[in-house]
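Derivation of every value follows stated rules applied to the coordinates shown; laboratory data play no part. Since the model is a prediction, treat every value here as computed from it, not as a measurement. When we count neighbours, we look across all protein chains shown, and the Cβ atoms used for this are built from the backbone with ideal geometry, even at glycine.
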Amino acid sequence: MLGRAAGGGAWIAMETRPDDLLPRPDPGAPWRDRVRAALYALHRFLAADRRAADLLLAELAGAAADADPVAERWTGSLFDLIDAGREEATAPAGLRRMTAEALGGGICTRLYAAVVRDGRLPDEAEIVPELMYCVVLPYCGRDAAREELEISPPPRSPTASGAPLPRYRGIKRTGTTSAPDVESAPRG
């Protein structure tokens, strides 16, 4: 993933992306299960490495202004997943993709605010059910949204590739570009 270093305008090449590291939800699974799996996977990716979280969330926060193709592709995938809620039998006929974009943007903004403003990512059992409530409400109604507040987090699983996640130790600058200084380290 490419991202810009805060304040420097230099590009950072992250060797991994959340969608490369995390297990993909079963495409045949119910929509709510797929969204929930994606949100827990995103939270776990962000919680695994604060520097990677800062880079990803800063890039997503700036994606609208700079239209970075990688961030745009990643948010587009999130919006597509949420937008699939329009196919739910309970979804009102008038919903448009804009609903999914607003919800997905809200998710990114909430995570960015937590990490940047509050200095910590809330526990997954605290934030993911609340995010799921917001996502499910327009598509499946209040009762289904309330159910999301009671669903426990799924068990943790190793990375999709089984390889350790990189540990970011800082950013190396060479001229006008930057690259992360990474080491492989097991994550627990």
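Remarks
- The protection proxy used here, the mean number of other Cβ atoms lying within 10 Å of each residue, ranks peptides 36-46, 74-84 as follows, highest first: 36-46, 74-84.
- Taking I151, I107, I127 and counting other C-beta atoms within 10 Å, the order from fewest to most: I151, I127, I107
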